[in-house]
Amino acid sequence: RVFMKKFLTIAAFMLFAFSSAQAQGVKIGATLKAGVFEVDDASEIFSGAHSSGASPGDVTKKASDEGDEAVGEFGFGSIFAEAMLPGEKISIGVDYVPMALESETTENIQNMKTVQTGEDAQSTNTVKVEFEDLTTVYALLHPTESLYLKVGYVQVDVNTIENLATGGAYGNTSLDGYTIGVGYNHDMDNGAFFRVETNYMEIDGTELTNTNDSTKKVKADGIQGATVGISVGKSF
């Protein structure tokens, strides 16, 4: 994953540098976005015998009251640069979110029996997820002077920040996905421009194993989201 991220970054900048050299125009800007993201089948899995006294076998604890889905809302900003290829119909660009996006902290209280005395006890686990270095390499198709269609490849680092009563951690990973969208662009006489854009994003799922106990895992089948953004920038 580290190699893939480095490759993506190098490829993106090489692509943008090549595009800029061949381009009929370059645009640089910033975007404010608001979005809703949904994690499918977000859950924690316990295998084998459990300290809670449950029968041996797999036990799954869902991440939300709804069971199969966990939903979160985000507001964030990004910066981007893109180049218009000859023909004025296709642009190539790179979008980067310089801030980390953090989920709310989830608290899970478990009832269990202590091994020494057999008495009932409680343990509290807390966890939140941080999305970092969200990068998108994309292409824009301009069917008209103002309207554009967008398709892109997405990569993001996912960091789990947990405090587990039983010890251990679930570690970090990187995930890949894609985005599609549509937007409206308005160019001004002084070279400035503004945009309104909406996107759908889908990112692959993952499964992470506890570093102290291989019978404990967390998984998410996939992340889906929709965003609306307003951008301003400058053409060169």
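The values are calculated or read from the model by the stated rules, or taken from the named source; none is laboratory data. Model, not experiment: these values are computed from the prediction. Quick reminder, even Gly has a Cβ in these numbers, built from the backbone with ideal geometry, and neighbours come from all protein chains shown. Keep in mind that these areas ignore ligands, DNA and RNA; they rest on the heavy atoms of the full protein, side chains included. Shrake-Rupley method; radii C 1.70, N 1.55, O 1.52, S 1.80 Å.
When residues in region 210-236 are screened for being at pLDDT 75 or above, more than 15 Å from VAL151 (Cα to Cα) and hydroxyl-bearing (Ser, Thr, Tyr), 2 of them pass.
VAL71 meets all of the listed conditions (1) out of contact with any helix residue (DSSP H, G or I) (no Cβ under 8 Å at 6 or more places or on another chain); (2) modelled with pLDDT of 75 or more but one, namely (2).
Residue by residue through region 175-206, note down the ones that are among the polar types (S, T, N, Q) and either open to solvent by 70 Å² or more (accessible area, probe 1.4 Å) or over 21 Å from the mean Cα position of the chain (by Cα) (or both). If the condition is that a residue be among the polar types (S, T, N, Q) and either open to solvent by 70 Å² or more (accessible area, probe 1.4 Å) or over 21 Å from the mean Cα position of the chain (by Cα) (or both), then ASN185, ASN190 are the ones that fit. Taking residues in region 198-209 that are of a type in the set (A, V, I, L, M), and partners anywhere that are assigned to a strand (DSSP E or B) and modelled with pLDDT of 85 or more, the pairs with Cβ atoms closer than 6 Å and at least 6 places apart or on different chains are MET201/THR179; MET201/GLY225; ILE203/LEU175; ILE203/GLY177. Kindly indicate the residue of region 91-131 that is part of a strand (DSSP E or B) and open to solvent by 70 Å² or more (accessible area, probe 1.4 Å) and also modelled with the highest pLDDT among those meeting that condition. My answer is TYR96.
Do you know which residues across region 30-44 are of a type outside the set (D, E, K, R), at pLDDT below 85 and open to solvent by 30 Å² or more (accessible area, probe 1.4 Å)? The one that is of a type outside the set (D, E, K, R), at pLDDT below 85 and open to solvent by 30 Å² or more (accessible area, probe 1.4 Å): VAL39. Taking THR135, is it buried (at least 18 other Cβ atoms within 10 Å of the Cβ), in contact with an Asp or Glu (Cβ under 8 Å, 6 or more places away or on another chain) and either at pLDDT below 80 or assigned to a strand (DSSP E or B) (or both)? Yes. Residues that are surrounded by 15 or more Cβ atoms within 10 Å (Cβ to Cβ), more than 16 Å from the chain's Cα centre (by Cα), part of a strand (DSSP E or B) and modelled with pLDDT under 95 do occur in region 161-174, at least one of them.
Taking first residues from region 32-44 that are more than 30 Å from PHE80 (Cβ to Cβ) and partners that are among the β-branched types (Val, Ile, Thr) and at pLDDT 80 or above, no Cβ contact under 6 Å between residues at least 6 apart in sequence or on separate chains turns up.
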